Amino acid sequence: MRKLTFELEFITPAFIGNAQQQAELRPASFVGPLRWWWRVILATYLNNSEEIFKYEAELFGSQEKTAKIMVRTKGHVSTVDILKDRREPIYMLGMGAKGRTCIPSGSKFYLEVIYREVSEQLVRSLVNLAINFSGIGYRARKGFGNMKSKQESLSLRLLSRDYWSEILSKDKIFKDIPKNGSGFNDLPNLNNLRVLRYQRAFDNWEDAIRFLGNLYRKVRLRDSRTYEYKTGIAQYIRSNPIPKSLELKNYVFGLPIMYQSKSLEKRQQNNKPVRPQAQLNWSTQRRQENEERGDRRRGSPFIFLVKEDGFYVLAFMCRFLPEGANFLLQTKGKYWDILGTRRPGRENLPYSEEKFRRDFEDAVSRLKSVGFVEVKV
């Protein structure tokens, strides 16, 4: 067994922790990004999920195999509630962080990586890839839980297929992976990756996240409302037919999306406000017939990163929803029950991978319109 030690620092607060949503350093929080990036690399060359998961188990283990790589965290970090007594919301954070503590920006700690049989260069490159181009914890794809390494600076070559072809060729365990493979486009991989950059330095994480939030709002909104709300959701909430002009665009930044109408707000007997809410999600005919309720969230193929020199967006044009999926629009909340009026019914809206590719390109164009520049790796 050999060991590598990385001295790390959080650039932005990290919402990682236990089941009670209290922040703490946990090795599992770092294993996730390592496994995710290893799948990205494997999907760059291999063309089916069975092969990908076989090689993933070769490195990270399974019920039948012992892992060749393990991680430990060392160091003491403090925890804070950054939302306590805060009046101004943090746009990139959303509503799910309420009541959670986090590990603050500037916290330093050590990540120990114990490995066997595989090459040091592969392990070091994989760890640096995960450190530099991942967030960890809640809202990791929206700029939170971003890190930097004291030993290694950020390098875009870690996102290069040619770089990883060389790394794999020198490793005795993984050298047989075909380097001329076309990859598996159903999953994120280096072939379907595009990188955008917004160059600007900030004095602190709050200024950076606030600025990024303003850019993100401009990308998502049209005349202070999202594309969906402006072109059809507002009619649906009012129990009117959904117009054919409805534009679904922002789903490429992840599902579900919640909408609400402030103009239709009513007061309950306890004087608490209640607003009509609608949720855009996805489903399949099979799921609806079986009334499956599992987690239907879909992570965004756009990953926002906060770094010392500005922002990066990693955009993966891979399959977004499974075959046979549709969008599902439905109401949420008690608004209609309180008013005693009929609740709008569930609506299935068409989805296709062709539509996703168009909307993906549109999202890239919108990011460029607010100042992001596409860079080569």
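The values are calculated or read from the model by the stated rules, or taken from the named source; none is laboratory data. The structure displayed is predicted, hence computed values, not measured ones. Don't worry about glycine lacking a Cβ; one is built from the backbone with ideal geometry, like all the others, and counts go over all protein chains shown.
Things worth noting here:
- Test: residue in segment 177-184 that is touching a residue at least 12 places away in the same chain (Cβ under 8 Å), on the phi > 0 side of the Ramachandran plot and either assigned by TED's automatic domain parsing to the domain that holds GLY61 or under 24 Å from the mean Cα position of the chain (by Cα) (or both): yes
So that you can scan it fast, the table gives a plain yes or no per residue for (1) within 15 Å of PHE15 (Cβ to Cβ); (2) of a type in the set (A, V, I, L, M); (3) outside the structural domain of LEU187 (by TED's automatic domain parsing); (4) touching a Lys or Arg at 6+ places or on another chain (Cβ under 9 Å):
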site: ASN48; (1), (2), (3), (4): no, no, no, no
site: GLU64; (1), (2), (3), (4): no, no, no, no
site: VAL71; (1), (2), (3), (4): no, yes, no, no
site: LYS98; (1), (2), (3), (4): yes, no, no, no
site: LEU126; (1), (2), (3), (4): no, yes, no, no
site: GLY135; (1), (2), (3), (4): yes, no, no, yes
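- The number of residues in segment 109-164 being in contact (Cβ under 8 Å) with a residue 60 or more places away in the chain, out of contact with any Ser or Thr (no Cβ under 8 Å at 6 or more places or on another chain) and part of a helix (DSSP H, G or I) comes to 10.
- Per-region count, segment 42-90, residues within 24 Å of the chain's Cα centre (by Cα), among the small types (Gly, Ala, Ser) and part of a loop (DSSP other than H, G, I, E, B): 0
- Within segment 301-316, tally of residues that are under 27 Å from PRO350 (Cβ atoms) and at pLDDT below 95: 0
- Any chance SER245 is touching a helix residue (DSSP H, G or I) at 6+ places or on another chain (Cβ under 6 Å) and assigned to a loop (DSSP other than H, G, I, E, B): yes
- Among the residues listed as ARG297, ARG346, ARG319, the single one being within 27 Å of GLY183 (Cβ to Cβ), modelled with pLDDT of 90 or more and charged (D, E, K, R): ARG319
- Unmet requirement for ARG157, which otherwise passes all of (1) closer than 20 Å to VAL306 by Cα; (2) under 20 Å from the mean Cα position of the chain (by Cα): (2)
- Residue in segment 127-154 that is modelled with the highest pLDDT, counting only those that are surrounded by 15 or more Cβ atoms within 10 Å (Cβ to Cβ), of a type outside the set (Asp, Glu) and over 19 Å from the mean Cα position of the chain (by Cα): SER149
- Checked against (1) crowded, with 19+ Cβ neighbours inside 10 Å; (2) more than 20 Å from GLY143 (Cβ to Cβ); (3) not polar (S, T, N, Q), ASP223 meets all criteria but (1).
Per-residue answers, yes or no, for (1) polar (S, T, N, Q); (2) under 17 Å from ASN250 (Cβ atoms); (3) loosely packed, with under 13 Cβ neighbours inside 10 Å; (4) modelled with pLDDT of 95 or more:
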site	(1), (2), (3), (4)
THR331	yes, no, no, no
TYR335	no, no, no, no
GLY340	no, no, yes, no
ALA363	no, yes, no, yes
SER369	yes, yes, yes, yes
PHE372	no, yes, no, yes
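- Any hit, segment 20-30, residues being closer than 18 Å to ARG141 by Cα, in the same structural domain as LEU122 (by TED's automatic domain parsing) and in contact with a helix residue (DSSP H, G or I) (Cβ under 8 Å, 6 or more places away or on another chain): yes
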